[in-house]
Amino acid sequence: MAAKGLKLGARRFVAGETLDDFVTIVRALNDAGFLVASAILGEEVSVVEETRDVTARYKELLTRLSSEGLKANVALKLTHLGLGINEKLAAENLSEILAHAATLGNFVRIDMEDSACVDATLRIFRAVRSAGFTNVGTVLQAYLYRTPADLAALGDCCPNLRLVKGAYLEPASIAFPKKSDVDAAFKRLIEQALQSGGYTAIATHDDDAIRHATEFIRKNAIPLDRFEFQMLYGVRRALQARVRSEGYTVRIAAPFGREWYPYFMRRLAERPANLLFLVRNLFHS
Ligand code: FDA
């Protein structure tokens, strides 16, 4: 019963279990004026063959997005591609996906996972950029003290970066423990990124941060083709519609698949009220 209730709860944040379910949801989001960042659920893969299978599934996803004419790119996790086994394997799998995406004119973003992955993720990002892939971006997390320096160091490659507050539990030695400090760091990071030469995806459901960003954008006349807003599937739909109606590009990050558990747990941790929502599901299942 508990497992069924958890699954029902997860459904709010997960855009279907199969690629066919997902395509239907992406089309509906596109029809409502949203772009999509597609992800296949899964992370921490520890078997080499499984990482090859994930790579093949991402290529299949890219092919399907293209053949269906959908406005959707891809976001993935390096531990899904084998980063926990070794860095070279993850980089090879990523390069294979990037090469396929390039033939379809599509783009791939590397999500940022917990702090143990940050150095390797940035190294791999730089390596694929140096290898000539321009259709790749990554993510920076405002809660880490190191992030402004990481952003400055990436400036030379004019990166496409998604900025987030950060979703993992990190020690106070490396990350702001207080939410108000994270919120302030996030606003500073948005300004720093928008002033640099790259493309910025501002990923948040925080009204105050969005207001701060739009004021900064207006004051500094940042062109519309230099940034977008991103939000998660199933989170604050009215806010998603409002930001879109103000004329901004809004991309919805939508994951699909069966391995929803760790993703769902992070979404629960972000908002205590989600736990109440879950408990209600547990009792009604
Ligand atoms: P904040 O937590 O202050 O929330 C603002 C408002 O939104 C609150 O009022 C709250 O009610 C509502 N809200 C936020 N999260 C909610 C939820 N789960 N359910 C319901 N309501 C919610 N992190 C990371 O470490 N690596 C990554 O690669 C990514 N990628 C990513 C992509 C996209 C498109 C988004 C939007 C977010 C991520 N994240 C992420 C997650 C991010 O780090 C952060 O944990 C969440 O976005 C929550 O922070 P907010 O900025 O929304 O602010």
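Anything in the stretch 125-145 that is in contact with a strand residue (DSSP E or B) (Cβ under 8 Å, 6 or more places away or on another chain) and farther than 20 Å from ALA185 by Cβ? List them, or say none.
The answer is PHE125, VAL128, ARG129, ASN135, VAL136, GLY137.
Which condition breaks for ARG271 when tested against (1) surrounded by fewer than 20 Cβ atoms within 10 Å (Cβ to Cβ); (2) among the basic types (Lys, Arg); (3) assigned by TED's automatic domain parsing to the domain that holds ALA39?
Every listed condition holds for ARG271 apart from (3).
Against the condition within 23 Å of LEU161 (Cβ to Cβ) and surrounded by 15 or more Cβ atoms within 10 Å (Cβ to Cβ), how does VAL23 come out, does it pass?
So VAL23 fails the test.
Of everything in the stretch 35-70, what is in a strand (DSSP E or B) and among the aliphatic types (A, V, I, L, M)? Give them in sequence order.
Narrowing the stretch 35-70 to residues in a strand (DSSP E or B): 35-40.
Across the stretch 35-70, the qualifying residues are LEU35, VAL36, ALA37, ALA39, ILE40.
For the condition surrounded by 20 or more Cβ atoms within 10 Å (Cβ to Cβ) and charged (D, E, K, R), what is the one hit in ARG123, ARG162?
Numbers: ARG123 fails: surrounded by 20 or more Cβ atoms within 10 Å (Cβ to Cβ).
Residue meeting the stated conditions: ARG162.
State all residues of the stretch 4-22 that are within 12 Å of ALA39 (Cα to Cα) and in a helix (DSSP H, G or I); if no residue qualifies, say none.
LEU19, PHE22
Residues of the stretch 37-65 being among the hydrophobic types (A, V, I, L, M, F, W, C), surrounded by 17 or more Cβ atoms within 10 Å (Cβ to Cβ) and touching a helix residue (DSSP H, G or I) at 6+ places or on another chain (Cβ under 8 Å), which ones? If you could, list the steps in order and put the result at the bottom.
Residues of the stretch 37-65 among the hydrophobic types (A, V, I, L, M, F, W, C): 37, 39-41, 45, 47-48, 54, 56, 61-62, 65.
Still in the list and also surrounded by 17 or more Cβ atoms within 10 Å (Cβ to Cβ): 37, 39-41, 45, 54, 61-62, 65.
Within the stretch 37-65, ILE40, LEU41, VAL45, VAL54, LEU61, LEU62, LEU65 meet the criteria.
Just a yes or no: is a residue in the stretch 174-190 farther than 25 Å from ALA241 by Cα, more than 12 Å from the ligand (Cβ to nearest atom), outside any helix (DSSP H, G or I) and touching a strand residue (DSSP E or B) at 6+ places or on another chain (Cβ under 9 Å)?
Yes - at least one qualifying residue is present in the stretch 174-190.
Which one of LYS77, LYS71, LYS88 is in contact with a helix residue (DSSP H, G or I) (Cβ under 6 Å, 6 or more places away or on another chain) and closer than 20 Å to HIS100 by Cα? First the steps, then the outcome.
Details: LYS77 fails: in contact with a helix residue (DSSP H, G or I) (Cβ under 6 Å, 6 or more places away or on another chain); LYS88 fails: in contact with a helix residue (DSSP H, G or I) (Cβ under 6 Å, 6 or more places away or on another chain).
So the residue among LYS77, LYS71, LYS88 that is in contact with a helix residue (DSSP H, G or I) (Cβ under 6 Å, 6 or more places away or on another chain) and closer than 20 Å to HIS100 by Cα is LYS71.
Out of THR200, THR204, which single residue is under 21 Å from ALA221 (Cβ atoms) and within 14 Å of the ligand (Cβ to nearest atom)?
Values: THR204 fails: under 21 Å from ALA221 (Cβ atoms).
Unique residue meeting the criteria: THR200.
The values are calculated or read from the model by the stated rules, or taken from the named source; none is laboratory data. Every value quoted in this text rests on a predicted model; they were computed, and no experiment measured them. Positions of Cβ are generated from backbone atoms using ideal geometry, with glycine treated the same way; all protein chains shown enter the neighbour counts.
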